[in-house]
Amino acid sequence: MTQPSRPQDGRAALASFVTNRLGRANARPSPAPAETRAPVANESAQDFEKLTGYRELRLQRSAADLIGLGNPFFRVHETRAGAQTRIEGQAYSNYSSYDYLGLNGHPAVSGAARKAIEAFGTSASASRIVAGERPSHLKLERALAAHYGTDACVIMVSGHATNVTAIGAMLEAPDVIFHDALIHNSVVTGAQLSGAQRRSFAHNDPAALEKLLEATRHEHRRALIVIEGLYSMDGDAPDLAAFVELKRRYECWLMVDDAHGLGVLGRTGAGLHEHCGVDAADVDIWMGTLSKTLSSCGGYICGPSALIEYLKCTAGGFVYSVGMSPPLAAAAEAALSVMQAEPERVERLRRNGHQFLALAKKHGLNTGSSLGLAVIPIIIGDSLKAVTLSDRLFKRGINVQPIIHPAVPERSSRLRFFMTSEHTPEQIAQTVATVAEELSALETGATLIEQLMARRGA
Ligand SMILES: Cc1ncc(COP(=O)(O)O)c(C=O)c1O
């Protein structure tokens, strides 16, 4: 059972929270050298509260409670969360939704889902190998393969699981995976599952990758390079042509996780290839998720037919997992059609992102390397300050999440703004002005520790 937290726990927690700035507190302690390791007591081996990291979580929560910060995570939205939302009866400007083109709830998208429910119910009932296909699976796979001009496509029930299972199935021990240092967790987990060597290179730096390839490519059999389209924490994009050149020269496969690029990058939102003016066929594997622009749930791999056939018959996350719920597949396919038919949505998103970025820069806010499209961070540095700023903005009607270590590197905590085509220019102007005002108040006011001491009469 969880013990109720005592004031002493809270003070200790605050000290830990402040000195470690949440970030370092999250780091797992290094295990003691083998010879000095104490024997594991049976009691704690069965105690979930002793899970590594759980105690840190509790400490962080106690510290936040002590300072009076609300929990910014797991908020319950009482409506479709797009550019606006409602939480506990209050209206908010919302910057915590992946619904980049405002397609969640679009009549064509909801209508397609409804029709699929009427025809097939809500479940595929078992793995597609066992329970068979539904037309909406095949329609979506054909539409995605046509989008990238690939032979074939396979859809899976989660974007995260798609990377894990596809990468896990494609490579093995004598192989190697080169990935951007800021690559998504699902790619790293897939690489670990595969048993292949994993080597990361500096973010968006083809020269760093080239050095790695020069030094190590010859040690391995197959090699996979994985990059993202639009990076989900920084909102920047790689130079695709440079990576294509390297993958050719060093005989590697190139995989692009375009989870945040589809619907966002390029004039029509086709993705990273359109943004960079590169032929989609120069990339071996296009991966993406259905949960962002396509306002559904799931992931896909588009590529050569041998790869897709192989994944459909061997990837555990496909073979041993239920087929995608038919209405989700139908919704994603309808969303892709709307996206392709209405490039003005992509243009609106671009205008909104650029407006946000320009205003943020004018106010002296640190937006890092963001291109000003769907993802715009305001980099704060200090985790406690980022969480506090998010809390203050929430109190002023703006819902935006703080991102802290380990999701981003130490000392680069931030507020991450997801833009949509549906935000209005007035909303954006007001939001940026409020962020600047609250951040400046935070920076010029008493430090958080001073405020706390004052509150406690110390
Ligand atoms: C780059 C990237 N890849 C994969 C995923 C996993 O996708 P999903 O959330 O749809 O499971 C995400 C999630 O945000 C992501 O940002």
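The values are calculated or read from the model by the stated rules, or taken from the named source; none is laboratory data. Treat the numbers as computed from the prediction; the structure is a model and nothing was measured. Here Cβ is always computed from backbone atoms with ideal geometry, including for glycine, and neighbour counts include all displayed protein chains. Side chains are part of the model used for accessible areas, which takes the heavy atoms of the whole protein and leaves out ligands, DNA and RNA. Shrake-Rupley method; radii C 1.70, N 1.55, O 1.52, S 1.80 Å.
Which strands (runs of 3 or more DSSP E) does the range 62-170 wholly contain that include 3 or more residues that are within 16 Å of the ligand (Cβ to nearest atom)?
The strands (runs of 3 or more DSSP E) meeting that bar are 152-156.
Please pick out the residue among Gly364, Gly368, Gly323, Gly303 that is in contact with a helix residue (DSSP H, G or I) (Cβ under 9 Å, 6 or more places away or on another chain), among the small types (Gly, Ala, Ser) and farther than 30 Å from Gly168 by Cα.
Answer to the check: Gly364.
Among the residues of the range 184-199, which ones are surrounded by fewer than 22 Cβ atoms within 10 Å (Cβ to Cβ), within 13 Å of Ile227 (Cα to Cα) and out of contact with any Leu (no Cβ under 6 Å at 6 or more places or on another chain)?
Asn185, Val188, listed by residue number.
Does any residue in the range 182-196 that is on the phi > 0 side of the Ramachandran plot come within less than 8 Å, Cβ to Cβ, of a residue that is in a loop (DSSP other than H, G, I, E, B) and more than 10 Å from the ligand (Cβ to nearest atom) six or more places away or on a different chain, and which pairs are these?
These pairs meet every condition: Gly195/Leu171; Gly195/Glu172; Gly195/Ala173.
Checking Leu272 against (1) under 21 Å from Ala191 (Cβ atoms); (2) hydrophobic (A, V, I, L, M, F, W, C); (3) away from the ligand (no atom under 12 Å from the Cβ), which single condition isn't satisfied?
Evaluating Leu272 over (1) under 21 Å from Ala191 (Cβ atoms); (2) hydrophobic (A, V, I, L, M, F, W, C); (3) away from the ligand (no atom under 12 Å from the Cβ) leaves (3) as the failure.
Please give the number of the condition Arg199 fails out of (1) assigned to a strand (DSSP E or B); (2) away from the ligand (no atom under 16 Å from the Cβ); (3) under 27 Å from Thr367 (Cα atoms).
Arg199 satisfies all of (1) assigned to a strand (DSSP E or B); (2) away from the ligand (no atom under 16 Å from the Cβ); (3) under 27 Å from Thr367 (Cα atoms) except (3).
Any residue in the range 88-111 that is farther than 25 Å from Ser337 by Cα and hydrophobic (A, V, I, L, M, F, W, C) sitting within a Cβ distance under 7 Å of a residue that is assigned to a loop (DSSP other than H, G, I, E, B) and open to solvent by less than 50 Å² (accessible area, probe 1.4 Å)? List the pairs, counting only those 6 or more apart or interchain.
Final answer for the pair search is Ala91/Gly397.
Quick one: which residue in Gly149, Gly132 is open to solvent by 40 Å² or more (accessible area, probe 1.4 Å), over 25 Å from the mean Cα position of the chain (by Cα) and either under 25 Å from Val244 (Cβ atoms) or at pLDDT below 95 (or both)?
Step by step, each of Gly149, Gly132 is checked, and only Gly149 is open to solvent by 40 Å² or more (accessible area, probe 1.4 Å), over 25 Å from the mean Cα position of the chain (by Cα) and either under 25 Å from Val244 (Cβ atoms) or at pLDDT below 95 (or both).
Is there a residue in the range 195-208 that is in contact with a His (Cβ under 9 Å, 6 or more places away or on another chain), closer than 22 Å to Ser369 by Cα and assigned by TED's automatic domain parsing to the domain that holds Trp286?
Yes: the range 195-208 contains one or more residues that are in contact with a His (Cβ under 9 Å, 6 or more places away or on another chain), closer than 22 Å to Ser369 by Cα and assigned by TED's automatic domain parsing to the domain that holds Trp286.
Would you confirm, using the coordinates I've provided, whether Gly372 is part of a loop (DSSP other than H, G, I, E, B) and either of a type in the set (Ser, Thr, Tyr) or open to solvent by 10 Å² or more (accessible area, probe 1.4 Å) (or both)?
For Gly372, the condition - part of a loop (DSSP other than H, G, I, E, B) and either of a type in the set (Ser, Thr, Tyr) or open to solvent by 10 Å² or more (accessible area, probe 1.4 Å) (or both) - is not met.
Test Gly263 against the stated conditions and say whether it is within 12 Å of Asp180 (Cβ to Cβ) and within 16 Å of the ligand (Cβ to nearest atom).
Here the answer is no, as Gly263 does not meet what is asked.
Looking only at residues in the range 394-416 that are over 14 Å from Gly70 (Cα atoms) and among the charged types (D, E, K, R), which one is least open to solvent (accessible area, probe 1.4 Å)?
Arg414
Which of the residues that make up the range 409-447 are of a type in the set (S, T, N, Q), in contact with a strand residue (DSSP E or B) (Cβ under 8 Å, 6 or more places away or on another chain) and in a loop (DSSP other than H, G, I, E, B)?
The one that is of a type in the set (S, T, N, Q), in contact with a strand residue (DSSP E or B) (Cβ under 8 Å, 6 or more places away or on another chain) and in a loop (DSSP other than H, G, I, E, B): Ser412.
Restricting attention to the range 383-393, does a residue exist that is of a type in the set (A, V, I, L, M) and open to solvent by 30 Å² or more (accessible area, probe 1.4 Å)?
Among the residues of the range 383-393, not one is of a type in the set (A, V, I, L, M) and open to solvent by 30 Å² or more (accessible area, probe 1.4 Å), which makes the answer no.
Report yes if some residue within the range 213-229 is modelled with pLDDT of 95 or more, charged (D, E, K, R) and either within 15 Å of the ligand (Cβ to nearest atom) or crowded, with 24+ Cβ neighbours inside 10 Å (or both); otherwise report no.
yes
From the set of residues in the range 282-313 that are among the aliphatic types (A, V, I, L, M) and closer than 25 Å to Ala374 by Cα, which is farthest from the ligand (Cβ to nearest atom)?
So, considering only residues that are among the aliphatic types (A, V, I, L, M) and closer than 25 Å to Ala374 by Cα, the one farthest from the ligand (Cβ to nearest atom) is Val283.
Scan (1) away from the ligand (no atom under 16 Å from the Cβ); (2) more than 29 Å from Lys312 (Cα to Cα) for the single condition Met233 breaks and write down its number.
Going through (1) away from the ligand (no atom under 16 Å from the Cβ); (2) more than 29 Å from Lys312 (Cα to Cα) one by one, Met233 breaks only (1).
Yes/no per residue for (1) farther than 30 Å from Arg350 by Cα; (2) of a type in the set (S, T, N, Q); (3) in contact with a Ser or Thr (Cβ under 9 Å, 6 or more places away or on another chain):
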residue	(1), (2), (3)
Ser186	no, yes, yes
Thr189	yes, yes, no
Ser194	yes, yes, no
Lys211	yes, no, no
Arg221	yes, no, no
Asp257	no, no, yes
Gly266	no, no, no
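What tally of residues in the range 231-275 results from selecting those that are among the polar types (S, T, N, Q), open to solvent by 20 Å² or more (accessible area, probe 1.4 Å) and within 20 Å of Ile167 (Cα to Cα)?
0
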